[in-house]
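Structure first, commentary second.
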Amino acid sequence: MSTYTRILLAADFGENYRYVARRAVDLATRYGAELSLIHVVENIPTGDAGYGPIVPFEIDLTEQLVEAAEKRMTELGEELQVPVERVRVEVGSPKHEIIRVAEENAVDLIVVGSHGRHGIGLLLGSTASSVLHHAKCDVLAVRLKDE
Ligand code: AMP
């Protein structure tokens with residue numbers, strides 16, 4: 001019987017992240033799998049605005065966001081009893097970073113939340129659908145009620 005040994009929970013701190021987290025913890029417990037957590041701080045776009053030195057401010061802001069994310073992720077790790085070395089905060093595009101970290105760590109199941117998006121949201125593609133389409137491992141998209 002196939003089993004999961006390494007599960008990666010992508011936590012976004014949206015309204016329903018605890019619901020998604022519970023599913024990941026439940027699966028990790030059932031399979032006796034190692035659970036890891038990831039949160040991705042999205043890069044602030046650095047367009048060439050042409051009206052002054054805005055880059056230092058943006059770097060500073062990203063650093064602050066990373067610090068805040070690390071604090072929340074540490075708390076979430078303690079709550080879910082995930083050791084600190086398996087709690088990751090990355091900077092970049094959530095879909096790319098989730099897949100990169102999953103591949104680097106030989107993860108066999110990624111757990112994300114998924115909204116039942118329609119129309120333009122569907123065309124643009126959510127993080128969940130992008131991970132689902134590009135991951136090399138299984139992906140569990142936990143259906144969330146639309147907020
Ligand atoms: P979205 O499609 O962007 O609403 O997000 C769907 C799911 O993708 C969330 O429930 C999370 O599991 C994951 N996700 C979205 N953004 C992030 C992020 N910045 N860091 C980690 N996971 C994320």
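Cβ-Cβ distance below 9 Å, separation of 6 or more or different chains: which pairs start in segment 126-147 with a residue that is touching a residue at least 60 places away in the same chain (Cβ under 8 Å) and part of a strand (DSSP E or B) and end on one that is within 10 Å of the ligand (Cβ to nearest atom) and among the hydroxyl-bearing types (Ser, Thr, Tyr)?
What qualifies is VAL142/TYR19; VAL142/SER114; LEU144/TYR19; LEU144/SER114.
Report whether or not GLU58 is at pLDDT 95 or above, away from the ligand (no atom under 12 Å from the Cβ) and among the charged types (D, E, K, R).
No, not satisfied.
So which residues in segment 63-88 are in contact (Cβ under 8 Å) with a residue 24 or more places away in the chain and touching a Ser or Thr at 6+ places or on another chain (Cβ under 9 Å)?
Within segment 63-88, VAL82, ARG86, VAL87, ARG88 meet the criteria.
Can you tell me which residue in segment 115-132 is modelled with the highest pLDDT, limited to those that are small (Gly, Ala, Ser) and near the ligand (Cβ under 6 Å from one of its atoms)?
At the first step, the residues of segment 115-132 found to be small (Gly, Ala, Ser) are 116, 119, 121, 125-126, 128-130.
Right, trim to near the ligand (Cβ under 6 Å from one of its atoms) and you get 126, 128.
Numbers: SER126: 85, ALA128: 92.
Only one residue tops the list, namely ALA128.
If we keep just the residues of segment 8-18 that are more than 6 Å from the ligand (Cβ to nearest atom) and at pLDDT 95 or above, which is farthest from MET73 (Cα to Cα)?
So, considering only residues that are more than 6 Å from the ligand (Cβ to nearest atom) and at pLDDT 95 or above, the one farthest from MET73 (Cα to Cα) is LEU8.
The values are calculated or read from the model by the stated rules, or taken from the named source; none is laboratory data. None of the values given here were measured: they were computed from a predicted structure. Virtual Cβ from ideal backbone geometry, glycine too; neighbours counted across all protein chains shown.
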